[in-house]
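Structure, as structure tokens:
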């Protein structure tokens, strides 16, 4: 039986979403539907301001204007895209080329979005961003919603977990975890962990770019194996970790200095 997965996206311009759709189809997964959250709505601005505060403007500028600027020697998510997708640079056109239905919604939890996913015939859903997911959408398919968390679970849940791991000298806990989403924050059953070596990188922008570049292949491979019955979800031992929040600027400076000190020094 061919695995079938719907996909949730935060934006029609998301490189992560475009690359993940491409990886899924290349691995033989049928993607019957992509649901995309409209980029600017009052509720979205309110939700993201509540979560990110003043960092929202920097985040929006980075994602929508810079669009993964190149850094020599650091892999970029653009490298995960086929030549066709790079020319399209737009999820609508990618879906049209691949014959995938697409639905634009104001919120991924809207009843129309939940109904579309439930009717798509997908076994599961791959989440590539777009806000908190509520129970009706989590239960819309038999196998649930998969997410790729930029941190190693269960130790590092929540926000800024890349910086927190470096601050706490847990270099072995920098990486990605594919897990099933549930009502908690990064508490769902784990499917796969992939550790990424942060040494030699000069800043957190490049480290996050390296992690981001690995996300499409990581989540697509885990989804393929999970939906085809080759991979089983393992319950999280939540007691072995804790939820982290936005790091204070003073701690960010300490964490950044630790990362910089790990790499090769430039000659004076």
For residue 183, indicate whether it is at negative phi, touching a helix residue (DSSP H, G or I) at 6+ places or on another chain (Cβ under 9 Å) and not in a strand (DSSP E or B).
yes
Residue ID - nearest to residue 161 (Cα to Cα), chosen from residues in the range 214-231 that are touching a residue at least 24 places away in the same chain (Cβ under 8 Å) and part of a loop (DSSP other than H, G, I, E, B):
231
For residue 15: the one exception among (1) more than 14 Å from the chain's Cα centre (by Cα); (2) buried (at least 24 other Cβ atoms within 10 Å of the Cβ):
(1)
When the range 70-89 is examined, which residues are found to be in a loop (DSSP other than H, G, I, E, B) and either surrounded by 14 or more Cβ atoms within 10 Å (Cβ to Cβ) or modelled with pLDDT under 65 (or both)?
75, 76, 81, 82, 89
I'm trying to understand the selection: among the residues of the range 90-119, which are assigned to a loop (DSSP other than H, G, I, E, B) and within 26 Å of residue 142 (Cα to Cα)?
99, 100, 106, 107, 108, 109, 110
Here is a check on your reading of the model: is residue 64 assigned to a helix (DSSP H, G or I), at pLDDT below 85 and touching a helix residue (DSSP H, G or I) at 6+ places or on another chain (Cβ under 6 Å)?
no
Out of the residues in the range 120-132 meeting the condition of being assigned to a loop (DSSP other than H, G, I, E, B), surrounded by 20 or more Cβ atoms within 10 Å (Cβ to Cβ) and modelled with pLDDT of 95 or more, tell me which one is farthest from the chain's Cα centre (by Cα).
120
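Residue-wise test of (1) part of a strand (DSSP E or B); (2) out of contact with any helix residue (DSSP H, G or I) (no Cβ under 6 Å at 6 or more places or on another chain); (3) under 30 Å from residue 136 (Cβ atoms); (4) modelled with pLDDT of 95 or more.
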position: 152; (1), (2), (3), (4): no, no, yes, yes
position: 157; (1), (2), (3), (4): yes, yes, yes, yes
position: 166; (1), (2), (3), (4): no, no, no, yes
position: 192; (1), (2), (3), (4): yes, no, yes, yes
position: 205; (1), (2), (3), (4): no, yes, no, no
position: 212; (1), (2), (3), (4): no, no, yes, yes
position: 239; (1), (2), (3), (4): no, yes, yes, no
position: 250; (1), (2), (3), (4): no, yes, no, yes
position: 264; (1), (2), (3), (4): no, yes, no, no
Under 9 Å between Cβ atoms, at least 6 apart or on separate chains: pull out the pairs that start in the range 185-212 with a residue that is within 30 Å of residue 229 (Cα to Cα) and end on any residue that is modelled with pLDDT under 95 and in a strand (DSSP E or B).
210/74
By residue number, the members of the range 135-150 that are under 17 Å from the mean Cα position of the chain (by Cα) and in a loop (DSSP other than H, G, I, E, B) are 144, 150
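The values are calculated or read from the model by the stated rules, or taken from the named source; none is laboratory data. Nothing here was measured: the structure is a model prediction, and the numbers come from that model. Reconstructed Cβ throughout: ideal geometry from the backbone, glycine too, with neighbour counts over all protein chains shown.
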